[in-house]
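Down below is the structure, laid out as structure tokens.
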Amino acid sequence: MATNGAVNESVFLRACRGEDVAHTPVWFMRQAGRSLPEYRKLREGIPMLEACRTPELICEITLQPVRRHNVDAAIFFSDIVVPLAAVGVDVDIVPGTGPVVAEPIRDMAAVERLRDLTEEDVPYITQAVRLLRDELGATPLIGFAGAPFTLASYLVEGGPSRTHAQTKALMYGAPEVWHALCERLAAITSRFLRVQIDAGANAVQLFDSWAGALSLADYETFVAPHSTRVLSSVEGLGVPRIHFGVGTAHLLTAMGEAGADVVGVDWRTPLDKAAGLVGGRAVQGNLDPCTVMAPDAVLEREVRRILAEGKAAPGHIFNLGHGVLPETDPDALTRTVELVHEHSAR
């Protein structure tokens, strides 16, 4: 892993490990783009998957919010379906819709056609991470991947879903197919994370964005073993592991037990309550993304509240409770970083 001493002593990595920090670190999910005019200009006419396969674009887009907002960590610019496309899945990211899969996977034959990922499938990932490590200096780089359940949901549904009806039908009606699919996806995700770590990523985040759609019992039966496998695959590599989902208040203990060092918490659950559920792990979150659009006095009040609640955990990384909304004023994000640094300085 290509790191250096300055990176190892960053406030972000120290907070992930539950160590003392000079101030609470902050970064934003979906900080790379969306709200930034320079991102929209750079992406003009370039499809998302093409951007995710172009090392120079990946590097520049990843760096833009670091330059503008002074965040304490960079999140690698990519998409959770990139490794699926790399192994031959016919998937496209449709503007305004999200990932769309041409041939949904709903039987064992389709699962068996899903091959493993190799480093040779994603050379642009290795190249981009190495470019970024040269550019970022002491700022840590967070690699990421989609968790098996969330990837499986897209593959089974054929695209985004509010109900996950086809996904649950496969889980309940053909559990052997479901588990075989998730085992394949766990292997793909593990390799995708490992490629990023080997190239120099300093931390990784596993996004299980849609896991909150499940009951605790279903999560423990159909999801947790596969997420655990992914997180275990990168254990002992010297990089913190963050586990995040949306609407997961009822799953926080189980998500902590899956093996992450840090558990991401959406805005619905106070961090001091979450801290008591995640087994002594650090927490990440959890400002409501809409609050960034509120008047400055409201934003400051909410930042201070979340900082206070975060003290209940061994470590706290300030973040939104989900991704940056496209209509967010970039100056408000910069102001949020300033407030976090100001009010958490030791």
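Each reported figure results from applying straightforward, stated rules to the coordinates on display, with no laboratory input. Note that this is a predicted model, so its numbers are computed, not measured. Neighbour counts are summed over all protein chains in view; Cβ atoms, including those assigned to glycine, are modelled from backbone coordinates with ideal geometry.
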Checklist line | Antiparallel bridges, percent of DSSP beta bridges restricted to the chain (to nearest 5) | finding: 15 percent
Checklist line | Separation in nanometres of the label points that stand 7 Å from Cα toward Cβ, at Asp134 and Ser215 | finding: 5.4 nm
Next item on the list: Would you calculate a helix-derived [θ] at 222 nm for the chain, using -39,500 (n - 2.57) for each DSSP H run of n ≥ 4 and dividing by the full residue count, to the nearest 500?
Entry: -13500 deg cm²/dmol
Next item on the list: Compute the acute angle (0 to 90°) between the alpha-carbon long axis of helix 296-310 and the principal axis of greatest extent of the alpha-carbon atoms of the chain; round to the nearest 10°.
Entry: 70 degrees
Check: Given the convex hull over the Cα atoms of segment 108-217, what projected area results after averaging over all orientations, in nm²?
Finding: 8.0 nm²
Notebook entry, point to check: Of (i) 1.02; (ii) 0.94; (iii) 0.96, which is the value of Rg/Rh (Cα atoms, Kirkwood Rh) derived from the coordinates here?
Noted result: (ii)
Checklist line | Alpha carbon Rg of segment 1-158, scaled by the compact-globule rule 2.2 N^0.38 Å | finding: 1.15
Note to self: Could you derive backbone 3J(HN,Hα) for segment 117-122 from the dihedral phi with the Karplus parameters 6.51, -1.76 and 1.60 (θ = phi - 60°), listing whole Hz in sequence and x where the residue is Gly or Pro?
What the structure shows: 8, 10, 4, 5, 6, 10
Check: What angle do you read, to the nearest 10 degrees and between 0 and 90, between the alpha-carbon axis of helix 148-157 and the longest principal axis of the chain?
Finding: 50 degrees
Note to self: Over the Cα atoms of segment 187-346, what radius of gyration and what Dmax do you get, in Å?
What the structure shows: 16.1, 47
Checklist line | In order through segment 217-232: 3J(HN,Hα) via Karplus (6.51 cos²θ - 1.76 cosθ + 1.60), integer Hz, x for Gly, Pro | finding: 4, 5, 4, 5, 7, 9, 10, 3, x, 7, 5, 4, 4, 5, 5, 5
Note to self: Could you tell me the relative contact order of the chain? Use alpha-carbon pairs under 8 Å, at least six residues apart, and round to a whole percent.
What the structure shows: 22 percent
Check: What angle, in degrees between 0 and 90 and rounded to the nearest 10, separates the Cα long axis of helix 330-344 from the longest principal axis of the Cα atoms of the chain?
Finding: 60 degrees
Next item on the list: Would you work out which of Ser78, Ala110, Gly285 lies farthest towards the positive end of the dipole of the chain? Charges go on Cβ: Lys and Arg +1, Asp and Glu -1.
Entry: Gly285
Check: What are the ³J(HN,Hα) values, in whole Hz, obtained from phi via the Karplus relation 6.51 cos²θ - 1.76 cosθ + 1.60 with θ = phi - 60°, for each residue of segment 188-205 in sequence order, with x given for Gly and Pro?
Finding: 5, 5, 4, 5, 4, 5, 5, 4, 5, 5, 4, 7, x, 4, 9, 7, 9, 10
